[in-house]
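Before any comments, here is the structure.
Rule-based calculations on the coordinates, nothing more; no lab input. None of these values were measured; they are calculated from a predicted model. Backbone-built Cβ (ideal geometry, glycine too); neighbour counts: all protein chains shown.
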Amino acid sequence: MNWFVDPRKMRMPAPNEVLPGRSEAMPVPERHAVLGSPLRPPYPVGSEIAEFGMGCFWGAERVFWRTPGVISTSVGYAGGSTPNPSYEEVCTGLTGHIEIVRVVFDPRRTSYEELLKLFWEEHDPTQGFRQGGDQGTQYRSAVLTRGEAQQREAEATRSMFQERLKAAGLGTITTEIRPAPDFYFAEAYHQQYLEKNPAGYCGLQGTGVSCPVGLFPKQ
C-alpha cells in the first residue's frame, strides 16, 4: 500500500504540465512470450482488437492470454497526451495515460461480449483513479472501443453490471468508455511480465459480482 501519493498522480495533468514524450516507438519483442503470435500489427486476417484498462497491466494481460480465442496480447499506454511515453513518465501522472492491455482475438472463437465479461468481473470498476493499493490516474478503469458495435456493447454491459453492483451494495462505475486513441507499446520487459516473473506482483482483484452476457439485444 502506498502511504503517500504525489497529488499530481490523482488528477489529470493540465496542458502545460504534460510531458513531451518522443517520436520513437518503444521496441518490443517480435513474438508473444506465451502464444508465439505477433505483438505488433499486422495481425491475422479476420482478427479483431479490444483494449482495456484494469489497473496494473501485468495481471490484466495474463487474464486475457489465458482466454480461449485470444490470438495475442500486449501492454501499453493510451488515453493521455504524451507520445511514446516511458513507464517512468507514465508513473509521474504527467502523461495522462492509462495502463492498457491490447487483446487481439478471433471472433469465430470468442466474442467481444465475452471479453467484456472478463473485464468487468476481474477488477473493481468503481475506484476512480486507483485500483486497490495502486493509486494514480494510470490505474483508472477504461474500455477503449473500436467502432460503434464495441461502443454499444461496452455501454450496455456497463449498465447491466451497474445494476448487479447496486444490488450487491457496491458503488458507481467510474469506467471510461470511449473510442480508442493512439496505443503506445510499453517497454519490452512489461510484455507478458508475469510469464517471465511468475512470482511478480499482481494486484488484480474483482468485486465478486458476476456480469451476465448475452442478455441484451444486439442492434
Look at Thr82 and say whether it is of a type in the set (Val, Ile, Thr), touching a residue at least 40 places away in the same chain (Cβ under 8 Å), farther than 19 Å from Arg140 by Cβ and surrounded by 15 or more Cβ atoms within 10 Å (Cβ to Cβ). no
Mind checking which pairs have a first residue in the range 187-213 that is without any contact (Cβ under 8 Å) to a residue 40 or more places away in the chain and a second that is among the basic types (Lys, Arg) and surrounded by fewer than 19 Cβ atoms within 10 Å (Cβ to Cβ), Cβ under 9 Å, 6 or more apart or different chains? Tyr189/Lys196
Subset of the range 1-20 [in contact with a strand residue (DSSP E or B) (Cβ under 6 Å, 6 or more places away or on another chain) and loosely packed, with under 13 Cβ neighbours inside 10 Å]: Asn2
Some residue of the range 166-180 being in contact (Cβ under 8 Å) with a residue 12 or more places away in the chain, surrounded by fewer than 16 Cβ atoms within 10 Å (Cβ to Cβ) and within 17 Å of Ala60 (Cβ to Cβ): yes
Do we find a residue being closer than 18 Å to Ser74 by Cβ, under 13 Å from the mean Cα position of the chain (by Cα) and assigned to a strand (DSSP E or B) anywhere in the range 121-141? no
Determine whether the range 126-144 contains at least one residue that is more than 19 Å from Glu99 (Cβ to Cβ) and either surrounded by 21 or more Cβ atoms within 10 Å (Cβ to Cβ) or small (Gly, Ala, Ser) (or both). no
Sort out which residues of the range 142-168 are in a loop (DSSP other than H, G, I, E, B) and under 23 Å from Pro181 (Cα atoms), and write them in order of number. Arg146, Gly147
Restricting the range 85-104 to residues that are farther than 13 Å from Tyr184 by Cα and assigned to a strand (DSSP E or B), the one nearest to the chain's Cα centre (by Cα) turns out to be Val103
Looking only at the range 21-46, which residues are among the small types (Gly, Ala, Ser) and surrounded by fewer than 10 Cβ atoms within 10 Å (Cβ to Cβ)? Ser23, Gly36, Gly46
Odd one out for Ile71 among (1) touching a residue at least 60 places away in the same chain (Cβ under 8 Å); (2) assigned to a strand (DSSP E or B); (3) not polar (S, T, N, Q): (1)
Quick test for you: out of Gly208, Gly171, pick the one residue that is of a type in the set (Gly, Ala, Ser), in contact with a Ser or Thr (Cβ under 9 Å, 6 or more places away or on another chain) and assigned to a loop (DSSP other than H, G, I, E, B). Gly171
